[in-house]
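K.L.:
First, the structure itself, so that you have it in front of you.
Readers should treat all values here as calculations from the given coordinates under stated rules, not as data from a laboratory. Since this is a predicted model, take the numbers as computed values, not measurements. Every residue, glycine as well, gets a Cβ built from its backbone with ideal geometry; the counts of neighbours run over all protein chains shown.
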């Protein structure tokens, strides 16, 4: 979570625009233990600003795995590409849900690199999603 003073109004606006869910794994606030975090798309450590255009909503797992990364390696091509930007890119153009709704499948180099970098299909996330599917809560609608 950011250690900067991002105003309550900006935080509220980001939550509304992000539909109160993580921009990377789409986990909704109502099913996440802990408060979704305001994250810097371009990390402050790499010169990113606190401007609203550089902020988005992220679950703690995605935010932690992303850290200061802005690029990742597409496991299919081996090419380094930018990570997915939830503020400017459309999730469904880069990702889709597996048939059982538990895994995020990267459709593009950006989607695949982001999936690897943020470990979107780590063991814990897949198990949690499996339980959400059983409860009828998942996958989320686009």
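K.L.:
Label residue 5 and residue 76 with points 7 Å out from Cα along Cα→Cβ: what is the distance between them in nm?
P.N.:
4.7 nm
K.L.:
Could I get the Rg over Rh figure for segment 1-122? Both from C-alpha atoms, Rh via Kirkwood, rounded to two places.
P.N.:
0.95
K.L.:
Could you work out the per residue convex hull volume over the alpha carbons of segment 30-81, in cubic angstrom?
P.N.:
Output value, Cα hull per residue: 107 Å³.
K.L.:
Just grab the label-to-label distance for residue 31 and residue 135, each label 7 Å out from Cα along the Cβ direction, in nm (one decimal).
P.N.:
For the pair residue 31/residue 135, the computed spacing is 0.8 nm.
K.L.:
What do you get for Rg/Rh of segment 83-142 when both radii come from the Cα atoms and Rh is the Kirkwood radius?
P.N.:
That ratio is 0.97, to two decimals.
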